[in-house]
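The values are calculated or read from the model by the stated rules, or taken from the named source; none is laboratory data. Keep in mind it's a predicted model, so treat the numbers as computed, not measured. As a convention, Cβ positions derive from the backbone with ideal geometry for all residues, glycine included, and neighbour counts pool all protein chains shown. Remember, those area values only see protein heavy atoms, side chains included, never the ligands or the DNA or RNA. Shrake-Rupley method; radii C 1.70, N 1.55, O 1.52, S 1.80 Å.
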Amino acid sequence: QVQLVESGGGLVQPGGSLRLSCAASGSILPILTMAWYRQAPGKQRDFVARMSRGGTTTYADAVKGRFIISRDNANNMVYLQMNSLNADDTAVYYCNIISTMGSYWGQGTQVSVSS
């Protein structure tokens with residue numbers, strides 16, 4: 001059974017930083033793409049960042065220069081370093097992985113940016 005578990009969310013002040021983590025387990029190998037999405041209240045789920053197995057990264061325009069995605073292939077982990085956070089970054093953040101077995105989602109972790 002595939003399981004993705006996110007952690008690292010919380011409440012942060014504008015301008016602050018958070019680091020999200022996602023641990024993947026189960027029959028998911030080989031993992032191809034690892035990514036982060038987010039969903040703000042009343043809005044659709046939006047793409048944030050992705051990294052291919054080879055290390056190629058793609059970012060949404062809204063987070064370019066502020067967020068950094070990284071992954072640990074040996075341990076099936078993906079991270080999202082979020083800097084210079086603002087209120088527009090408030091959302092539930094979801095981890096997504098794509099493997100040859102399919103596409104999988106975590107349960108989400110809440111990130112709230114407020115003073």
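List pairs: first in the range 42-61 and free of Cβ contacts under 8 Å to residues at least 24 places away in the same chain, second open to solvent by 80 Å² or more (accessible area, probe 1.4 Å), Cβ under 8 Å, 6+ apart or cross-chain?
57/50; 58/50
Please state which one of 63, 48 is of a type in the set (A, V, I, L, M), under 15 Å from the mean Cα position of the chain (by Cα) and over 13 Å from residue 94 (Cα atoms).
After ruling out the rest, the residue left standing is 63.
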